[in-house]
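Peer 1: Let me begin by handing over the structure; questions about it come next.
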Amino acid sequence: MRNIGTDSSTCANVNKNVASGRKTNDVDAITATNVDVSAGTGGEESAVLVNVGGRGDAIVFSDEVESVPSLDEESDDDDDEDSWNSESEDEEEDVDEEFDELLAERLRILADCRALKNLAEAFLHPEQPVKAIPTTFGRNYFDRPSAPAVMDDEDADEEAEILEDVENLKKAARAYLHPEVGVRVEDTTLFGRNYFERPSAPEVETFEEAEERAKILAEAAALKQLASDYMHPEVGVKTTDPTLFGRNYFNRYSAPETEDERAEILAEAAALKKSAVAYMHPEVGVCSEDATLFGRNYFERASAPDVESMEEAEEKAKILAEAAALKKSAAAYMHPEVGVKTTDPALFGRNYFNRYSAPETEDERAEILAEAAALKKSAVAYMHPEVG
């Protein structure tokens, strides 16, 4: 903003026909008369003198416009000058207020830009230290009295090694328990051939044969279910569909009110039930209250087949028990992922590697891990012969 002072000027009168208003001296005129433009405070411009009407009258403009009387005589245009001075003063005040508002807005924008710049620099360069006033201070978060205990480098390295060993053991145990999971490799030089497409591979059924086989198995399962229902009529019909329901045939609304038919149906049902029980449980003897009724033993008749003796029955039971034990052992061998189940709370065991008398040798641990890996590899190869 230009501040127009009230200092006297040494510049000569400019003989120009200026009816009213003000005119700033040219730079050449100011230079010629040795007028210092920055003579004001802070390098601001000095007062500007303007000739009016070609006479020696001079008017000095400043923040508060004043009229300097003529050095020779008073002007005849005092009224015009007063009105012009008031208008000029109002205009300058409006301009000054607008300029002050513009300057304040500019300063606020610059302050916001400076704050955003500092925030962006701090975000992009976190390695730079925080600059603070010397009077401000703080304490170390990690060395405060209430800070938790922090382990040293040796303990941290030992913990990392232990966690790595645990992770490797976990991976080995998972691979041992789930041999069906294939081995994953990233080496492109490793390859193998297809077990099923090798020249010596046995013939494999086609897709049509497989579908036909699936249909036959489905029919066999349906026949088995039908035979089970026929052999065990005491087993109720099971359904999981809540929308299925039924009503009683004898209590329906349209049922005839006849006791004779109901009695006949119940008698037939009782006879069928008795026949079914006698068929399902032939070991139950026939009970009769009529002394004149008699019969012969089915198992002791002349044409009865030979029946095994007690010794043969015991031998047969032992053979079946051994077969069941072998089946259980084979199932445990074929499915190592199934854990050992026991119901005896007195049974327990300890870890061989974590016992108190275990030697602290890494060689033995490495040998055990190597043997476990070899056993795992052998088990996977046995379980998945199709893998090359």
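The values are calculated or read from the model by the stated rules, or taken from the named source; none is laboratory data. Bear in mind the structure is a predicted one, so any value in this text is a computation, not a measurement. Methodologically, a virtual Cβ is constructed for each residue, glycine included, from the backbone with ideal geometry; neighbour enumeration extends over all protein chains shown. Quick note on the areas: whole protein, heavy atoms, side chains included, nothing else; ligands and nucleic acids left out. Shrake-Rupley method; radii C 1.70, N 1.55, O 1.52, S 1.80 Å.
Peer 1: Using θ = phi - 60° and the Karplus curve 6.51 cos²θ - 1.76 cosθ + 1.60, what whole-Hz ³J(HN,Hα) does each residue of segment 376-385 get, with Gly and Pro shown as x?
Peer 2: 4, 4, 5, 5, 5, 5, 6, 6, 10, x
Peer 1: A further question follows. Is segment 300-354 best put as rounded, prolate or oblate by its Cα gyration tensor, with a ≥ b ≥ c the root eigenvalues, rounded for a/c under 1.5, and otherwise prolate when a/b is larger than b/c, oblate when not?
Peer 2: The shape class here is prolate.
Peer 1: So what's Rg/Rh here for segment 144-243, counting alpha carbon atoms and using the Kirkwood radius for Rh?
Peer 2: My calculation of the ratio gives 1.32.
Peer 1: Kirkwood Rh, segment 252-318, all Cα pairs: how many Å?
Peer 2: Radius from the Kirkwood sum: 16.7 Å.
Peer 1: Next up: When the expected Rg is taken as 2.2 N^0.38 Å, what fraction or multiple of it is the alpha-carbon Rg of segment 117-168?
Peer 2: Normalised Cα radius of gyration, segment 117-168: 1.90.
Peer 1: Averaged over all directions, how much area does the convex hull of the C-alpha atoms of segment 269-388 cover when projected, in nm²?
Peer 2: Average projection, Cα convex hull of segment 269-388: 19.1 nm².
Peer 1: Would you kindly give the portion of the calculated P(r) for segment 218-300 that falls above 18 Å, as a percent of all Cα pairs?
Peer 2: Result for the distance tail: 70 percent.
Peer 1: Taking a cut-off of 28 Å between Cα atoms, list the lysines near Lys117, but don't count ones fewer than 8 places away on the same chain.
Peer 2: Lys131
Peer 1: Here is the link list: Lys328/Lys376; Lys170/Lys376; Lys170/Lys377; Lys171/Lys377. Which ones come out longer than 18 Å on Cα distance?
Peer 2: Among Lys328/Lys376; Lys170/Lys376; Lys170/Lys377; Lys171/Lys377, the Cα-Cα distance tops 18 Å for Lys328/Lys376.
Peer 1: Val183: net charge of surrounding residues, Cβ under 15 Å, Lys/Arg +1, Asp/Glu -1, itself excluded?
Peer 2: After counting each charged neighbour, the total is +1.
Peer 1: Apply the Karplus parameterisation 6.51 cos²θ - 1.76 cosθ + 1.60, with θ equal to phi minus 60°, to every residue of segment 309-324 and state each ³J(HN,Hα) to the nearest whole Hz, in sequence, with x for glycine and proline.
Peer 2: 7, 5, 5, 5, 5, 5, 4, 4, 5, 5, 4, 5, 5, 5, 5, 5
Peer 1: Give me the percent of the accessible area of segment 165-252 that comes from carbon and sulfur atoms, probe 1.4 Å, all protein chains in place.
Peer 2: Summing carbon and sulfur atoms, their accessible area is 59 percent of the total for segment 165-252.
Peer 1: Mind listing the phi-derived Karplus ³J(HN,Hα) values for segment 278-289, rounded to whole Hz, using 6.51, -1.76 and 1.60 with θ = phi - 60°, and x for any glycine or proline?
Peer 2: 5, 6, 6, 10, x, 6, 7, x, 7, 9, 9, 10
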